[in-house]
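The structure under discussion appears below in the form of structure tokens.
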Amino acid sequence: MQQRALATRERLLRAAAEIFAANGYAGTSLTEIHERAGVTKGAIYFHYPNKESVAEAIVERQLERWPALVKRFCAEESDPVVVVVALTFAITKAFRDEPVMRAGARLALDRNVGAWEIAFTEVFKAAERAGELAEGVTAEEAARVVVSSFFGVFQVSDTMGRTDTEERLREMWRVVLFGIQAEPSPRTTVRRAEALALT
């Protein structure tokens with residue numbers, strides 16, 4: 001694809017992301033997207049035949065970011081619970097700073113949180129095998145609770161301007177870790193996770 005076409009596509013994705021993040025899927029139109037991007041309606045149809053294809057491109061861009069991050073965190077940190085906590089801090093920073101990531105998360109949540117639960121379950125399974133989950137807690141249960149809690153933090157903070165997302169996330173983990181860690185050490189786990197997320 002030519003450089004000019006790539007630049008147009010990026011402008012369209014960024015404009016769409018800003019609107020999707022603010023208004024959700026149902027509250028966004030192709031007209032708003034092409035007007036925000038400053039391109040013609042023909043330009044948007046050249047790249048994306050409909051609103052669903054724009055939303056899919058944003059969700060794909062957001063989801064393709066995380067497998068490499070999971071792999072890197074797992075290589076750098078032996079405790080899978082710390083890896084999960086670090087992932088939530090890395091994701092939170094991306095949601096706060098990058099419109100495409102924020103919109104992708106909202107669209108994924110609007111449509112399907114299953115991908116998040118699957119990804120977190122895989123990491124928690126390593127914790128389960130190592131005996132690091134609390135007695136009676138399965139990897140699947142831990143993933144469901146964490147995904148629900150995490151997106152709750154994100155949505156509540158989003159309504160307040162995202163100024164306190166990280167502090168709300170720390171509070172969430174300081175409480176949730178007592179229920180899922182075999183030997184709870186919330187403050188140490190969060191501290192290690194935040195350090196990992198910054199690498």
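The values are calculated or read from the model by the stated rules, or taken from the named source; none is laboratory data. The structure displayed is predicted, hence computed values, not measured ones. Cβ sites come from the backbone with ideal geometry, for glycine too, and all protein chains shown count toward neighbours. Protein only, heavy atoms only, side chains kept; ligands, DNA and RNA dropped before computing areas. Shrake-Rupley method; radii C 1.70, N 1.55, O 1.52, S 1.80 Å.
Some points to look at:
- Carbon and sulfur %, accessible surface of the chain computed with the full protein complex present, 1.4 Å: 52
- Pairs of Lys residues in the chain that lie 8 or more places apart, or on two chains, and have C-alpha atoms under 27 angstrom apart add up to 5.
- Per residue value of the accessible surface for segment 112-164 (all protein chains in place, 1.4 Å probe), Å²: 52
- The heavy atoms of Arg144 present about 110 square angstrom of accessible area, all protein chains included, probe 1.4 Å.
- Exposure ranking of Asp79, Asp158, Asp97 by accessible area [1.4 Å probe, largest first]: Asp97, Asp158, Asp79
- Per residue, the solvent-accessible area of segment 1-56 (1.4 Å probe, heavy atoms of protein chains only, all protein chains present) comes to 56 Å².
- Computed over the chain: relative contact order in percent, which uses C-alpha pairs under 8 Å that are six or more apart: 23
- Structure-derived mean projected area of the Cα convex hull in nm²: which label, when the choices are (1) 11.6; (2) 14.2; (3) 9.9: (1)
- Here's how it looks for Gln181: its modeled amide H is under 5 Å from those of Ala134, which are all 5 or more places away or on a different chain.
- Using θ = phi - 60° and Karplus 6.51 cos²θ - 1.76 cosθ + 1.60, couplings along segment 17-32 (whole Hz; Gly, Pro as x): 4, 4, 6, 4, 4, 7, 10, x, 5, 4, x, 10, 10, 5, 4, 4
- Site-free segments of the chain were taken between GluC sites (Glu not before Pro) in DSSP loops having at most 11 other Cβ atoms within 10 Å, sites themselves excluded; the longest one is 65-134.
- Placing unit charges on each Cβ (+1 for Lys and Arg, -1 for Asp and Glu) gives the chain a dipole about its Cα centre, and among Thr88, Ala21, Leu169 the Cα reaching farthest toward its positive end belongs to Ala21.
- On the basis of the beta-carbon distance and an R0 of 30 Å, Ala130 and Glu171 show a calculated FRET efficiency of 0.70.
- With the simple spin-label model, which puts each label point 7 Å out from Cα in the Cβ direction, the Ser53 to Phe178 separation comes to 5.2 nm.
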